[in-house]
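Below is one structure, written out as structure tokens; comments come after it.
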DNA sequence: CATAATCTTGCAATTTCCTGCAAAAATATG
DNA sequence: CATATTTTTGCAGGAAATTGCAAGATTATG
């Protein structure tokens, strides 16, 4: 039995049953549960399913869908968001980029905070509508379903007119030489305008994104004033500090 | 039974019953009440429901009116939405105004429908993001928390550039002489532009709104091509028909 | 205020997960 | 063809998560 045959079987079963269990698969495929576990690991890394305790469930096309929001292990992100909170003060105007890290941040906004938040992210806008002290401005444009942000010329034009105190950027990839990069051209263009429209840019980034790069460039790494990450003590942070960037 | 399956079950039950009880869930899912309690705890932390003594209730995205209004006249709105569906065809560009009637309509979109929908409403955009065949364009601007729509100059400018096949308007008040009116100046201005940017205007309106008026004028009643209501047979509809408006 | 229901907390039993390791299989190399 | 290298697989243990239970605190209700 080839590994690929097992993959095939697992994905088919997932489609029909809407779940798979280690125990069942181990029995069906006549391999140990450890092998099943490793198979699911691979499939999960390729975004074909979601690992959960005891087995796996299908990957929903919507990253903010009910099931999945629960599964994003948000510990790191909550830690990052907590550090970011100290930068917020009443009366500021904030650009809040899309992404799960920034989403975690707005969820932690204290109830008495008074801000104006400009964002292209629909879930962030939705979340902040509940907050009595926050004025929400949504940038217009076509919605990217995968990341749930607006994008395009209209988005860019609204951001260009703006002068914000801080931009919180949910960065995709950081690299000391390549700079800030993302997987989509339009989104990268939008992020670029965000950086230019804010007095201070703070990147929220989990440590696994540091030192990586993607096809489309957002800006140079020196455009970042502060990088907030979960592993600021690592050697990983040193090169950024040498460039004069505050890494927390 | 995976934990995630329980989550799924709880959220589904919550959607249909508008409440869940520890005792019921414990029985349905064949786990102890403590486990149910812990499940509800997790779901509550992710903002998917509100824990209350004895069980949980759905999470209302904001303390203001929108989500409470969804439940108001639910049946009437679904009836109206069903009539509206017949106007939709693949390939059209639709302006979808905010409001609970239009929200009910997009919830009924058949899965194979192919449309471009332009809307100022955040909940409608959120809903349509899950629809594979619909391109969603969100108009930018400041968010009105009470009605969850964007408003202001940016919204108007994006709508002005547009030419849509149909505008579905969630009208606040209709009156044969005063015309279409609303309670807010900015929103009225936005609605006015919507009317001008569409070839055909269809008003979705519960019968209790007909013959009433509010402070700010949107447009003349003759700008409506069709009015869809729950009580089209009433004498209420006659004066509109005399003006050449199709009342269904 | 008394009673019953519900909630919180701590704990122990069970299951599942992760890590390192070694044997077996497959592949590459001389 | 023989040998070296890599990949895959199963196993053992300790770590971590899940679950149900019990005791005491809290809240609703007549």
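Side notes on the structure shown:
- Whenever a residue of the stretch B:41-60 is in contact (Cβ under 8 Å) with a residue 60 or more places away in the chain, it has no partner that is assigned to a helix (DSSP H, G or I) and surrounded by fewer than 17 Cβ atoms within 10 Å (Cβ to Cβ) lying with C-beta atoms less than 9 angstrom away and at least six residues away or across chains.
- Residues of the stretch A:146-195 that turn out to be more than 14 Å from chain B (Cβ to nearest Cβ), under 23 Å from residue B:134 (Cβ atoms) and in a helix (DSSP H, G or I), as a count: 2
- The set of residues in the stretch B:206-244 that are under 17 Å from residue B:78 (Cα atoms), modelled with pLDDT under 90 and not in a helix (DSSP H, G or I) comprises B:206, B:229, B:230, B:231, B:232.
- Scanning the stretch B:130-145 for residues that are at the interface with chain A (Cβ under 7 Å from one of its Cβ atoms) and either in contact with a helix residue (DSSP H, G or I) (Cβ under 7 Å, 6 or more places away or on another chain) or part of a loop (DSSP other than H, G, I, E, B) (or both) turns up B:130, B:136, B:138, B:139, B:140, B:141, B:143, B:145.
- Test: residue in the stretch A:53-64 that is within 16 Å of DNA strand C (Cβ to nearest atom), within 14 Å of another protein chain (Cβ to nearest Cβ), modelled with pLDDT of 90 or more and out of contact with any strand residue (DSSP E or B) (no Cβ under 9 Å at 6 or more places or on another chain): yes
- Any hit, the stretch B:77-89, residues being modelled with pLDDT of 80 or more and within 12 Å of DNA strand C (Cβ to nearest atom): no
- Residues that are surrounded by fewer than 22 Cβ atoms within 10 Å (Cβ to Cβ) and in contact with a strand residue (DSSP E or B) (Cβ under 6 Å, 6 or more places away or on another chain) were ranked within the stretch B:182-194; the one that is nearest to residue B:142 (Cα to Cα) is B:186.
- The stretch A:37-55 - residue that is within 15 Å of DNA strand D (Cβ to nearest atom) and under 22 Å from the mean Cα position of the chain (by Cα) and, of those, nearest to residue B:3 (Cα to Cα): A:52
- Selection of the stretch B:104-116 for residues being touching a helix residue (DSSP H, G or I) at 6+ places or on another chain (Cβ under 6 Å) and crowded, with 22+ Cβ neighbours inside 10 Å yields B:104, B:105, B:106.
- Scan of the stretch A:11-24 for residues that are free of Cβ contacts under 8 Å to residues at least 40 places away in the same chain, within 19 Å of residue A:46 (Cα to Cα) and either away from chain B (no Cβ under 14 Å) or in a helix (DSSP H, G or I) (or both), ordered by number: A:11, A:12, A:13, A:22
- Scanning the stretch B:33-52 for residues that are surrounded by fewer than 19 Cβ atoms within 10 Å (Cβ to Cβ) and near DNA strand C (Cβ under 9 Å from one of its atoms), we see that the one that is nearest to residue A:104 (Cα to Cα) is B:41.
- Qualifying residue in the stretch A:67-76 (condition: facing chain B (nearest Cβ under 9 Å), modelled with pLDDT under 90 and over 14 Å from the mean Cα position of the chain (by Cα)): yes
The values are calculated or read from the model by the stated rules, or taken from the named source; none is laboratory data. Small disclaimer: the values here were computed from a predicted structure and weren't measured. No Cβ is skipped: glycine too gets one built from the backbone with ideal geometry, and neighbour counts run over all protein chains shown.
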